[in-house]
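Right, one structure below, let's go through it.
The values are calculated or read from the model by the stated rules, or taken from the named source; none is laboratory data. As the structure is a computational prediction, the values presented were derived from the model and not from experiment. The protein model used for the area step is the full one, side chains on, heavy atoms only, and it has no ligands, DNA or RNA in it. Shrake-Rupley method; radii C 1.70, N 1.55, O 1.52, S 1.80 Å.
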Amino acid sequence: MAAAVVAVVGGGQLARMMTPAATALGLRLRVLVEDAESSAAQVVVDAPVGAANDPAAVDALVSGAQVLTFEHEHVPNALLEKLVARGIAVHPGPDALVHAQDKQVMRERLAALGVPCPRWAPVAVAADLDAFLGQNGGSAVVKTVRGGYDGKGVRVVRSSGEAADWLAAAQSGMGVPLIAEEMVPFSRELAVLVARTPSGEVRAWPVVESVQEDGVCAEVIAPAPGLHPETARAAQELAVRVAEGLGVTGVLAVELFEVPGATPDEPPHVLVNELAMRPHNSGHWTIDGAVTSQFEQHLRAVLDLPLGDTSPRAPWTVMVNVLGSTREELTDALGPVARLDPAVKVHLYGKDVRPGRKLGHVNISGDDLDDLRARARAAAALLRGDSLDQKEI
C-alpha cells in the first residue's frame, strides 16, 4: 500500500513538529504553508503555498489525502462543511472546530454540557460591559470572540471606557464581537491534553502546570506539582467530557484555572479557560517526556489508528519556551547549550527572530524538579542570548 497522506492546514511550528512522527509512522505530510520560508516549509517536502481561506488551495491540498487536519483553527467553517459534504475526512470536523474558533459558541456549548467555566456574558455596548462589571467585582477580562491567542484579543478592564475602541469597532461591523469574563481568583493555570479517534477511543496525558508571562506560555511542568489527586482526576475527566461532548477528533488541549476549595479540607477545583483542537504548547513536553508524543498521537487519532501510551517516561519533565532572542541565529547556541547540559533536548522552529516570538523550546526530564527547572531555564537563556558565567559553559 502507498503511504497515507495527511493534509495539514498551517505552516507553523506545530506542523513542523508533526514531521518526525509522520516519518516514523511511514506517513506523508502535505502542508499548506503561508510562505515558502515558513517553519514547516523548511522541513516538509510537500508544502504548497496558499491561504487557509482559499477554496482552491485547500481543494488541491486534500486531493488524494486520507484526511485533512490543522495546526491552527483559522479555517472558514463553510469551506470545511463543503469538504465533509463531498465525503472528505476532516478531523477535527467543522462542528467541533467552531468551538475553538468562536469563544461565545464555546461558552454556550460548555454551559449546556455542564462544564465549569468562569462567569461570562456577551457585551455588545458599553452598558452591557458596565452591567457585567457591576455584577463581578468591578473588573473583567474582555475577549474578542475570534482570532485571539497568546495574549492577543484579551484585555483586562475596570470600566467600559477601557474597551471603547473594541466596542465601537464591533458595533460598526469593522471589529469582532466581544464577551466579558470574570476575573477568576485562580492559584495557577493547568492544562490537560487528550486525544480522541473518530471511533471514540480516548487517552489523556497527565495534568500539567502552565506558567504564563504576558499571556504567553513560558514554562510547562509535567505533571503539575502538588496537584491534589481528586483535582487531577476531575481535570482529566472534564477534558474527556469536553472531547466527547463536542465530538473532537485529534488532540484537544483544555486550558484550566485551578481555584482553591472553599475550605482548607476541600480539594481545589478547575474552570475551563480556553480550548485548542490541535497539538498545543502545553504538550511539547511529550516529545521527550512521554511514551507517545502529542504529535504522533494526533496523527494516529485523525487516521483512526489505535492510540499510543500516554505515560510519562520520567517523574518530571520541564519545558521552557524560548521567547525572543538577541542572537541572529539560535543555532549559534547549540554548542554552548550542549556543553552546559548534554541532557537538555533543544527544539528550534526555524523562525526569524522577533521580540517575544516563540522561536523554540527546551525539554529536560529527571527526578529532581527544582534542578530540572534551573537547568531548563539556563539552556533557554543561552538560546535567548543571555550571558551566563563562562564556568557554566
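Quick notes on this structure:
- Coarse-grained scattering of segment 68-107 at q = 0.14, 0.16 Å⁻¹, given as base-10 log I(q)/I(0) from a Debye sum over alpha-carbon atoms: -0.27, -0.35
- Tail weight of P(r) past 17 Å, computed on alpha-carbon pairs of segment 248-340, percent: 68
- The residues Ser387, Ser365, Ser63, sorted by heavy-atom accessible surface at 1.4 Å with ligands and nucleic acids left out, run Ser387, Ser63, Ser365 from largest to smallest.
- Of all accessible heavy-atom area on segment 140-199, the percent that carbon and sulfur account for (1.4 Å): 54
- Accessible surface of Glu213 - all protein chains present, 1.4 Å probe, nearest 10 Å²: 110
- Solvent exposure, largest accessible area first (probe 1.4 Å, DNA, RNA and ligands not counted), of Glu209, Glu34: Glu34, Glu209
- Each helix, a run of at least 4 DSSP H residues, gives -39500 (n - 2.57); summed and divided by the residues of the chain, these come to -9000 deg cm²/dmol at 222 nm.
- Heavy atoms of Phe132: accessible area, 1.4 Å probe, square angstrom to 10: 10
- P(r), alpha carbons of segment 157-281 - 5 Å bins starting at zero, rounded %: 2, 10, 18, 18, 16, 14, 11, 8, 4, 1, 0
- Segment 309-393 - Debye-derived log10 I(q)/I(0), Cα point model, q = 0.12 Å⁻¹: -0.34
- Correct choice for Rg and Dmax of the Cα atoms in Å that was computed from the model, options (1) 21.0, 72; (2) 25.3, 84; (3) 21.1, 63: (3)
- Largest-first ordering by accessible area, 1.4 Å probe, given options Leu193, Leu334: Leu334, Leu193
- The heavy atoms of Val115 offer some 10 square angstrom of accessible surface to a 1.4 angstrom probe.
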